[in-house]
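Novice: Structure in structure tokens, see below.
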Amino acid sequence: MSYDPTSLEGVPEAGRERLEQNRRGLFTSDLSVAEFLLVKEAGFDPLGLVVGSSIFHIGFQQSNWKRSQEMTVLSEAMYGARELAMTRMEEEADQLGADGVVGVRLEVGRYDWGEHMAEFLAIGTAIRHREGELHRAPNGRPFTSDLSGQDFWTLLRSGHRPVGMVMGSCVYHVAHRGMFQSMRQAGQNVELPNFTQALYDARELAMERMQAEAEAVQAEGIVGVQLHEGNHGWGSHVIEFFAVGTAIVPYGDDRTIEPPQTVLDLS
């Protein structure tokens, strides 16, 4: 899907009215009070909650019962659907004149009325720098980050800024064990090397793709990396590994990072 910062395609009338209210000065946010205050202290103002959604039909791919292999049709579907949701969220942020989106959540939901359908949802809080500093991603889009408000504030104080969320996805079929092999190993403590290698391969593919996205935006590194495993109803031997994190770059002058302080929670 090509990016169009002027696009409101698919946004319902109520959604357009919501964005117009935000442009008039009423912001909405899913930040906690503490996150809100720290984002403000970092020099940014929240503009509004931005959302991107895509209900996607996930195609079928036949797997080999005895072979561990990537399910490329499913990998492409999961990746493409998330990209659609992210792009629509970023376009909403552009409508508000945002520099970026913080606290981004990526969710996958399934419904009873569609066995092979899933909704991919991207949601976060659009923000803009109060002094007009350029904080957008190198591609000109608003930056995206899944960091909390506290982590976003800390990152900026260290002399780094986010340039975008980076992702990698891999849907993998893990081969079944043969009946006689299962019987020989019954009751034993023994590694199952075919299972170990299959899951190892799938995780590495997801991580490699996430890192390739970070290199594409010329990031120095990735923080807050999370590695999720999901089945999504494909059966017991098909699993998705999804890697996601926030790519960052240094900016401004070198900063002195203050030593951490010990805090005793009395609550």
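None of the figures in this text is laboratory data; all of them are computed from the coordinates on show. Only a predicted model underlies this, so the values are computations on that prediction, with no experimental measurement involved. Positions of Cβ are generated from backbone atoms using ideal geometry, with glycine treated the same way; all protein chains shown enter the neighbour counts.
Novice: Using the count of nearby Cβ atoms within 10 Å as a rough guide to exposure, how do Thr144, Thr256 rank from fewest to most?
Specialist: Result, fewest neighbours first: Thr256, Thr144.
Novice: Give me the number: length gained by fully extending Val225 to Arg16, i.e. 0.36 nm times residue separation minus the C-alpha to C-alpha distance, one decimal in nm.
Specialist: 71.9 nm
Novice: Continuing with the same structure: Quick one: 3J(HN,Hα) in Hz for the stretch 18-31, Karplus 6.51/-1.76/1.60 with θ = phi - 60°, rounded, Gly and Pro as x.
Specialist: 4, 5, 5, 4, 5, 5, 7, x, 8, 8, 10, 7, 9, 6
Novice: How much length, in nm to one decimal, is gained on full extension between Val51 and Leu266, taken as 0.36 nm per residue of separation minus their Cα-Cα distance?
Specialist: Taking Val51 through Leu266 to full extension adds about 73.7 nm, to one decimal.
Novice: Here is a further query. Taking 7 Å along the Cα-to-C-beta vector as the label spot, tell me the His129-Val217 distance in nanometres, rounded to one decimal.
Specialist: Spacing of the two 7 Å Cα→Cβ label points: 1.6 nm.
Novice: Sorted by packing (mean other beta-carbon atoms within 10 Å per residue), highest first, where do 222-231, 257-266, 5-14, 164-173 land?
Specialist: For the peptides 222-231, 257-266, 5-14, 164-173, the packing ranking is 164-173, 222-231, 5-14, 257-266.
Novice: Give the peptides 71-82, 209-220 in descending order of average Cβ contacts within 10 Å, highest first.
Specialist: Highest mean packing first, the order is 71-82, 209-220.
Novice: Now for a different question. How high is the FRET efficiency between Glu107 and Asn194 when r is their beta carbon distance and R₀ equals 30 Å, given to the nearest 0.05?
Specialist: Once the sixth-power term is evaluated, E becomes 0.40.
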